[in-house]
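The structure under discussion appears below in the form of structure tokens.
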Amino acid sequence: MNAILPFNCPTCHAQHHASVYQAEHHGLRWGFGFHCAQCSDAFEFDDVGVPDEPYRHVLLEQDGTWLLEPSSGAKSFSVHTWIRLRHALALDLTTLARLKALPHRVRIKGTAVEMNWLAQQCSEPVSIRQGGESELHDAFDFATLFSSR
């Protein structure tokens with residue numbers, strides 16, 4: 001997934017656009033790149049995990065927020081999926097218990113790339129779709145769960 005954001009060249013201060021991307025390749029990867037058409041300054045960096053907040057915000061804004069939830073109307077994931085999610089996200093037992101005890105359907109929100117990666121970690125079919133405003137309110141944010149690693 002790629003997104004474009006306004007960016008001022010640090011050398012000549014001309015306003016251009018930079019590109020931020022997120023991908024799944026042996027885990028989550030993301031990067032940022034910029035090239036100034038006026039002074040030819042350029043830089044690019046790549047990292048692993050979840051993008052820093054200003055970059056992740058742009059990805060969510062341009063591609064929407066996606067939800068991962070149990071398939072077929074189930075309220076929660078199977079025990080095997082919880083074990084795999086705990087391992088993939090390095091969740092502590094307190095966070096895992098809080099997620100499992102939710103009175104409403106378990107939903108995790110994030111970018112499409114994050115939700116696809118998370119779905120690959122599950123041991124059962126899950127549903128991934130763009131979320132509506134009311135659904136997003138009750139969903140756990142993937143970046144918050146991932147950052148506890």
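Observations on the model:
- Among GLY131, GLY110, GLY27, the largest mean-square fluctuation in a Gaussian network model of the chain (Cα springs under 10 Å) belongs to GLY27.
- Cα centre as origin, Lys/Arg/Asp/Glu Cβ charges: the chain dipole, Debye: 700 debye
- Placed amide H near SER127: partners under 5 Å, 5+ positions off or other chain: GLU69, SER71
- Maximal additional length on extending the GLU61-HIS87 stretch stands at 6.5 nm, based on 0.36 nm per residue less the C-alpha distance.
- Arranged from fewest to most other beta-carbon atoms within 10 Å of their beta carbon, GLU24, GLU114 become GLU24, GLU114.
- Spherically averaged projected area of the chain from its Cα convex hull (nm²): 9.4 nm²
- Ranking SER123, PHE140, ASN2 by how far each Cα lies toward the positive end of the dipole of the chain (charges on Cβ) leaves SER123 at the top.
- Of LEU118, LEU102, LEU136, the one that fluctuates the most in a GNM where the chain has Cα springs shorter than 10 Å: LEU102
- Between helix 53-63 and the chain: long-axis angle, C-alpha atoms, 0 to 90°, nearest 10: 80 degrees
- Among VAL106, VAL79, VAL126, the residue with the largest mean-square fluctuation in a Gaussian network model of the chain, with springs joining Cα atoms closer than 10 Å, is VAL79.
- All-pairs alpha carbon distance profile, the range 2-63, 5 Å steps from 0, percent: 4, 19, 27, 21, 16, 9, 3, 1
- Local electrostatic count, TRP66, Cβ distance below 9 Å [Lys/Arg +1, Asp/Glu -1]: 0
- Amide H contacts for ASN8 (H built 1.01 Å from N in the peptide plane; partners 5 or more residues away or on another chain; cut-off under 5 Å): HIS16.
- Principal axis dimensions, the range 21-101 - Cα atoms, whole angstrom, descending: 56, 23, 21
Every read-out reported here was derived from the displayed coordinates using simple, explicitly stated rules and does not represent laboratory data. Since the model is a prediction, treat every value here as computed from it, not as a measurement. Cβ sites come from the backbone with ideal geometry, for glycine too, and all protein chains shown count toward neighbours.
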